[in-house]
Amino acid sequence: MKEKKVIAILGATGAQGGGLLRSILNDKDAEFTIRALTRNAGSDKSKALAASGIEVVEADVDSKDSLVKAFKGAHGVFEVTFFWEHFSGEKEENQAKNIALAAKEAGVKHVIWSTLEDTRNWIPLSDDRMPTLQGKYKVPHFDAKGTANRFFAEAGVPATCLNTSFYWENFIYFGLGPQKGPDGKLGITFPMGDAKLPGIASEDIGKCAYAIFKAGETYIGKTLGIAGGHLTGKEMAESFAQILGQEVVYNDVPADVYRSFGFPGADEMGNMFQFKRDFNDDYCNARNLEFARTLNPDLQSFDVWLELNKEKLK
């Protein structure tokens with residue numbers, strides 16, 4: 001029997017990595033097997049993976065040596081960093097560099113790097129239309145990932161850069177779902193005007209990544225973009241109203257107002273939404289829906305995702 005190739009998944013218990021893990025598990029003809037990389041092998045989620053027979057290995061993205069050990073013998077690695085745990089663009093850059101150097105040293109044959117654009121290519125630090133953050137970024141979690149793309153090329157790692165989109169799960173777990181306003185009406189709030197917001201079910205990111213691995217060398221050296229839908233705030237509010245059975249309004253606020261909301265990362269997210277609004281054509285065009293469907297024919301629309309998750313949204 002042919003030996004299966006190992007795919008090491010960073011963040012295997014998280015949103016993107018978990019989607020890839022399940023995609024491999026659900027394919028009875030998979031040519032791959034899973035190595036789940038986790039920061040804490042003693043967590044309940046990690047223990048559950050191990051109990052199901054999946055190889056679980058601890059890996060520390062702040063330690064290149066730890067990553068080299070975790071990547072050894074792996075054919076492929078799915079790599080994602082965790083900005084929202086520390087809010088530091090510089091830390092994220094350093095982690096990405098560790099990942100790239102470790103993948104090269106371990107001899108990994110195909111890396112998928114979950115990334116985003118460097119917004120400074122559109123709005124340089126000298127441009128005062130939005131504030132500069134952390135001294136050298138406009139949107140730290142975008143810019144740090146975009147900067148890190150070159151680390152893989154410079155290290156000579158066979159890599160695919162995968163530009164992802166806004167997770168629709170943010171409406172459940174990140175506090176962005178419909179909230180009651182002073183008038184008692186439910187509403188969603190973004191500084192997006194009538195621009196479209198590319199979004200995707202996190203499960204579908206994993207399914208697309210699996211298709212990229214299955215395609216062998218086809219996408220190595222390329223940057224790909226995926227989304228499950230391009231929707232305006234008004235369109236999303238209308239879909240929420242249908243699923244919740246009550247009126248949901250879209251509140252368009254100025255980016256400066258959004259940045260002032262005061263929750264952790266509000267300035268970062270205000271800048272992020274402003275970038276997506278002000279450069280909407282470029283941002284949407286980089287996330288072709290038809291291409292995403294070629295990778296994942298089961299790609300969920302926003303309405304399908306809402307139906308599947310309606311109990312979590314109530």
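The values are calculated or read from the model by the stated rules, or taken from the named source; none is laboratory data. Because the structure is a prediction, the values reported are computed rather than measured. Because the Cβ atoms are built from the backbone with ideal geometry, glycine has one as well, and the counts that use them run over all protein chains shown. Protein only, heavy atoms only, side chains kept; ligands, DNA and RNA dropped before computing areas. Shrake-Rupley method; radii C 1.70, N 1.55, O 1.52, S 1.80 Å.
Observations on the model:
- Ala148 being in contact with an Asp or Glu (Cβ under 9 Å, 6 or more places away or on another chain), modelled with pLDDT of 95 or more and either crowded, with 20+ Cβ neighbours inside 10 Å or under 21 Å from Val77 (Cβ atoms) (or both): yes
- Test: residue in region 260-267 that is touching a residue at least 40 places away in the same chain (Cβ under 8 Å) and either under 16 Å from Pro198 (Cβ atoms) or of a type in the set (S, T, N, Q) (or both): no
- Residue, least open to solvent (accessible area, probe 1.4 Å), within region 242-291, restricted to residues that are among the charged types (D, E, K, R) and more than 23 Å from Phe83 (Cβ to Cβ): Asp252
- Members of region 93-123 that are open to solvent by 10 Å² or more (accessible area, probe 1.4 Å), closer than 11 Å to Lys145 by Cα and assigned to a helix (DSSP H, G or I): Glu93, Asn94, Lys97
- Residue check for Ser126: in contact with a strand residue (DSSP E or B) (Cβ under 7 Å, 6 or more places away or on another chain), at pLDDT 95 or above and not in a helix (DSSP H, G or I): no
- Cβ-Cβ distances below 6 Å connect the following pairs, each with a first residue in region 206-235 that is under 30 Å from Glu247 (Cα atoms), a second residue that is of a type in the set (D, E, K, R) and in a helix (DSSP H, G or I), and a separation of six or more residues or different chains: Gly228/Asp204.
- Check on Glu90, open to solvent by 10 Å² or more (accessible area, probe 1.4 Å), within 26 Å of Asp282 (Cα to Cα) and under 19 Å from the mean Cα position of the chain (by Cα): yes
- Residue count for region 86-107, restricted to those that are in contact (Cβ under 8 Å) with a residue 60 or more places away in the chain and closer than 27 Å to Val6 by Cβ: 1
Results for (1) part of a helix (DSSP H, G or I); (2) in contact (Cβ under 8 Å) with a residue 60 or more places away in the chain; (3) not aromatic (Phe, Trp, Tyr), shown as yes or no for each residue.
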residue: Phe171; (1), (2), (3): yes, yes, no
residue: Gly177; (1), (2), (3): no, yes, yes
residue: Gly184; (1), (2), (3): no, no, yes
residue: Glu238; (1), (2), (3): yes, no, yes
residue: Val257; (1), (2), (3): yes, yes, yes
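- Filtering region 182-192 for residues that are surrounded by fewer than 17 Cβ atoms within 10 Å (Cβ to Cβ), among the acidic types (Asp, Glu) and under 25 Å from Arg277 (Cα atoms) leaves an empty set.
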